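See below for the structure under consideration.
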Amino acid sequence: MTAAVDEDSGALALLNSLDGLPDPSYLALAPDGRTLYAVSETVDGAVAAYRLTKDKPEPAGPRVPVDGDGPTHLGVHAGHVLTANYGSGSVTAVPLRPDGALAGAPSAVLRHTGSGPHTPRQNGPHAHQIQSDPSGRWAVSVDLGTDSVRVCTLTDGDLVLHREAALRPGSGPRHLVFHPNGSYAYVVNELTPTVTVCRWDAADGTLKPLAETPVLPGAPAGDAYPSGIVASPDGCFVWTATRGEDVLSTFAVEGEGLRLVGTVPCGGHWPRALTEADGYLYVANERSGDVAWFAADPATGLPRYAGSVEVTAASCVVIG
């Protein structure tokens with residue numbers, strides 16, 4: 001589904017939709033903004049590329065199998081699309097042509113190993129996210145099943161593990177966002193409703209956990225299932241979404257820590273992903289079938305609900 005964005009209000013106006021890719025659970029834009037990539041979160045997972053022409057994306061060649069099960073996330077890094085394959089606990093590199101189209105079969109598949117104490121969610125590895133670090137030197141993957149973050153290199157199409165940072169056993173890390181200054185990273189944990197603050201050293205490619213901060217002011221009524229995490233461009237705030245509570249949490253960045261400012265309703269049910277753009281937050285509410293947007297208060301960071309549009313089974317929002 002594509003939409004126009006009102007620059008003054010942040011409001012979305014739906015334009016059209018594109019069918020043909022089974023379970024397109026996550027999206028990513030090429031650095032030049034001309035190509036959109038999507039993963040198909042199926043047992044025989046795949047990635048597809050779309051050329052952004054006018055208001056409707058057009059397929060830029062056939063989809064490419066990622067040799068992995070259930071890809072949940074993807075990113076563009078060093079001339080490749082990288083996918084995090086939750087079901088098979090692996091990450092895949094698919095090379096790109098100069099025009100941004102997929103060049104062919106994967107050049108590498110790196111399989112994670114390990115497990116965690118939370119059964120059955122951590123009986124084996126479950127790669128949940130992969131992205132470049134701010135320096136562009138490293139590919140960083142978050143694995144819910146092994147309670148760890150892996151730092152890899154990608155050279156001549158080959159993914160090689162550089163370092164693995166261990167987080168608290170049973171925390172279930174899901175997604176990570178870097179602070180704009182490139183010195184810190186914040187990991188939202190799905191199995192315990194917390195954010196882990198880490199120091200990031202781009203020179204050495206090392207991630208050091210420092211502390212955990214709860215995403216809720218009190219104990220959740222049931223399983224909380226935090227999902228998305230984003231940081232403000234000025235580095236003053238971090239926001240998370242929590243599905244079981246249907247809330248957005250606002251954190252103030254204070255030195256090497258985070259302070260929970262407060263929570264607000266997410267504007268729907270089951271917020272699966274969160275995006276920040278130009279002072280607005282966009283929330284993909286999967287089970288209520290809508291995308292809601294919020295204006296973030298520049299002083300407190302607290303989001304104010306501004307509107308929503310119906311999008312069936314919304315799972316990701318990309319603003320380009």
### Query
Applying the selection to the stretch 221-240, what residues are part of a loop (DSSP other than H, G, I, E, B), free of Cβ contacts under 8 Å to residues at least 60 places away in the same chain and among the hydrophobic types (A, V, I, L, M, F, W, C)?
A221, A224
### Query
In the stretch 174-185, which residue that is surrounded by 23 or more Cβ atoms within 10 Å (Cβ to Cβ) and farther than 13 Å from Y225 by Cβ is farthest from the chain's Cα centre (by Cα)?
Y184
### Query
Within the stretch 31-66, can you find the residues that are among the charged types (D, E, K, R), touching a strand residue (DSSP E or B) at 6+ places or on another chain (Cβ under 7 Å) and surrounded by fewer than 19 Cβ atoms within 10 Å (Cβ to Cβ)?
R34, D44, R51, D55, K56, E58, R63
### Task
Within the stretch 24-43, work out how many residues are of a type in the set (S, T, N, Q), farther than 16 Å from Q131 by Cβ and assigned to a strand (DSSP E or B).
2
### Message
I'm checking my understanding of the structure. Among residues of the stretch 77-98 that are in contact (Cβ under 8 Å) with a residue 12 or more places away in the chain and assigned to a loop (DSSP other than H, G, I, E, B), which one is surrounded by the fewest Cβ atoms within 10 Å (Cβ to Cβ)?
### Response
G79
### Message
Between L15, L21, L74, which is out of contact with any helix residue (DSSP H, G or I) (no Cβ under 6 Å at 6 or more places or on another chain), over 28 Å from A306 (Cα atoms), assigned to a strand (DSSP E or B) and touching a residue at least 24 places away in the same chain (Cβ under 8 Å)?
### Response
L74
### Query
R259 passes all but one of (1) surrounded by fewer than 16 Cβ atoms within 10 Å (Cβ to Cβ); (2) assigned to a loop (DSSP other than H, G, I, E, B); (3) in contact (Cβ under 8 Å) with a residue 12 or more places away in the chain; which number fails?
(2)
### Query
Can you find a residue in the stretch 120-137 that is in a strand (DSSP E or B), among the β-branched types (V, I, T) and surrounded by fewer than 24 Cβ atoms within 10 Å (Cβ to Cβ)?
no
### Query
Can you tell me which residues in the stretch 283-311 are in a loop (DSSP other than H, G, I, E, B), under 25 Å from L15 (Cα atoms) and not charged (D, E, K, R)?
S288, G289, V311
### Task
Any residue in the stretch 280-291 that's closer than 17 Å to V238 by Cα: show its pairings with residues that are in a strand (DSSP E or B) and aromatic (F, W, Y) at Cβ separation under 7 Å, as long as the two are six or more apart or on different chains.
Y280/W293; Y280/F294; L281/W239; L281/W293; L281/F294; Y282/W293
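Values in this text are rule-based calculations from the coordinates and carry no lab data. As the structure is a computational prediction, the values presented were derived from the model and not from experiment. For neighbour counting, all protein chains shown are included, and Cβ atoms are generated from backbone atoms with ideal geometry for every residue, glycine included.
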